[in-house]
Amino acid sequence: MASSHPAFLKPRRWAVLSAYTLVVGVSQMLWLNFAPLLTLMQTRYGVSELMASMLVLVFPLLYVVFSIHSGTMTDTRGYRFTVGVGALGMALFSCLRIIDSSFGFLLAGQVGIAVAQPYVVNGISKLVADWFSEEQGAIATGLGTMGMFLGMAAGMAATPALVETMGLRLSMVVFAAISVVAAIVFAVLVHPNTGVPEQGTAGEATGLRPLLGNRKLVRLCWLAFLGLGVFNGLTTWLEQILAPRGIDAEKAGIIGGALIVGGIVGSVIIPAMSDLAKRRKPFLVACSAAALATMYPLCTSSHYGLLLLLACLHGFCFLPAFALLLEMSAQVAGARAAGAATSLLMLAGNVGGVVVIVAMPLVKGEGSDFRPAVVLMVALLALTTVLAMLAPETFSQAIAETSPSPLTRG
């Protein structure tokens, strides 16, 4: 049995968080492997633009279906079991993508990985609540989401170069091997913190209905709907948005990677500042407003160097809002319902992703210029900024409702 002494907990919790960060990063990498290759997929397999986009779109679609079940399983069976099942599913279905003889095998592999993804992602709030104090919650969540953004950067930036060098099949072999290693590392390193009381019981599956009546959580879900919707729309259609500006697929992938790299840095700095200030809302508002200011020039400039700079700035400002929303939802719901609260937040975000991804080509129309769809994203970010100003401040509530022991919470 693990000791509850701080000397044990302090190094051990970082190993647990690192293992989770690895596996959640792989889940995002597998999602976005094909985002910068949609044009190649259309040409190679003779499929339509919409069918090619299903390699990416299937993830938010299936997240909507499985998010609630994964959150409930996280609260009742624990994050180690639930995330472990998701990691195993990702490893198995990433191997299916090695069979590249037809588009159907690639799509089937993406479907299986997409089903597994919510079981991985929705465990973050429960794991953080188990191993970290409220005063460290945002930075711990930020480090966890940093892994997500690292995976996104790898999927967006590394995949085109790897396919160009090794071909599609060998590239899929590399990604499958990474998935298997990540699943093994998680299984070996991640265990619950036995120094704290259990934070979930089987009877808490009924706790979803009270969460749906929680106005503060509902507001956060609307923010996730808009924010993740815009982010998914931007990452899915980035290649096509920039193509009329003379940016090819490889450069678009690097720009997408720069956006995520900015988000990685921001996800460490901004949540840490939030923890130090003991405030969440001001940082959420600032993230939304900065993203609004950078979105239009990011999507309309034709200067490659400027696009890289704008992408980094946009990611640095906007992506940390995701970590803040995750931590705020867990603080509103409480540690015992953190998994269900995360699942509701991610459900809302992925519904938004489906809506925005589908709406953008419809708004664009028959032409190749995505400018009307860019205007749509700007309008949605303006609404996001307004809603952020109306969001609740959750830090003081969480501190008032919990009294973590320094011996058990590290």
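The values are calculated or read from the model by the stated rules, or taken from the named source; none is laboratory data. All of these numbers come straight from a predicted model, not from anything done at the bench. Cβ sites come from the backbone with ideal geometry, for glycine too, and all protein chains shown count toward neighbours.
With respect to (1) hydrophobic (A, V, I, L, M, F, W, C); (2) modelled with pLDDT under 85; (3) in contact with a Pro (Cβ under 9 Å, 6 or more places away or on another chain), the lone exception for Ala205 is condition (3). Against the list (1) in contact with a Phe, Trp or Tyr (Cβ under 9 Å, 6 or more places away or on another chain); (2) surrounded by fewer than 22 Cβ atoms within 10 Å (Cβ to Cβ); (3) not aliphatic (A, V, I, L, M), the condition Gln117 fails is (2). Residues in segment 107-130 that are within 18 Å of Gly78 (Cα to Cα) and of a type in the set (S, T, N, Q) were compared, and the one that is modelled with the lowest pLDDT is Ser125. Is it the case that some residue within segment 281-297 is among the charged types (D, E, K, R), in a helix (DSSP H, G or I) and touching a Pro at 6+ places or on another chain (Cβ under 6 Å)? For segment 281-297, residues among the charged types (D, E, K, R), in a helix (DSSP H, G or I) and touching a Pro at 6+ places or on another chain (Cβ under 6 Å): absent.
If you go through segment 42-65 and keep only what is surrounded by fewer than 22 Cβ atoms within 10 Å (Cβ to Cβ), assigned to a helix (DSSP H, G or I) and among the hydrophobic types (A, V, I, L, M, F, W, C), you end up with Leu50, Met51, Met54, Leu57, Val58, Leu61, Leu62, Val64, Val65.
Would you confirm, using the coordinates I've provided, whether Thr72 is assigned to a helix (DSSP H, G or I), of a type in the set (Ser, Thr, Tyr), modelled with pLDDT under 90 and within 20 Å of Trp131 (Cα to Cα)? Yes. The set of residues in segment 252-288 that are hydroxyl-bearing (Ser, Thr, Tyr) and either at positive phi or modelled with pLDDT of 90 or more (or both) contains only Ser288. Take Leu220 and tell me if it is modelled with pLDDT of 85 or more, closer than 30 Å to His303 by Cβ and not β-branched (Val, Ile, Thr). Considered against the rule, which asks whether it is modelled with pLDDT of 85 or more, closer than 30 Å to His303 by Cβ and not β-branched (Val, Ile, Thr), Leu220 comes out as no.
In segment 166-182, the count of residues that are assigned to a helix (DSSP H, G or I), surrounded by fewer than 17 Cβ atoms within 10 Å (Cβ to Cβ), charged (D, E, K, R) and modelled with pLDDT under 85 is zero. Annotation note: of Gly104, Gly78, the sole residue that is of a type outside the set (A, V, I, L, M, F, W, C) and within 30 Å of Trp14 (Cβ to Cβ) is Gly78.
Pick from segment 183-202 the residues that are at pLDDT below 65 and among the aliphatic types (A, V, I, L, M): which of them is surrounded by the most Cβ atoms within 10 Å (Cβ to Cβ)? Spell out the reasoning first.
Start the filter on segment 183-202 by keeping residues that are at pLDDT below 65, which leaves 195-202.
Subset that is among the aliphatic types (A, V, I, L, M): 196, 202.
Values: Val196: 19, Ala202: 10.
Out of the qualifying residues, it is Val196.
Give Ile99, Ile113 a once-over and let me know the one that is hydrophobic (A, V, I, L, M, F, W, C), outside any helix (DSSP H, G or I) and farther than 16 Å from Ala19 by Cα.
Result: Ile99 is the single residue among Ile99, Ile113 that is hydrophobic (A, V, I, L, M, F, W, C), outside any helix (DSSP H, G or I) and farther than 16 Å from Ala19 by Cα.
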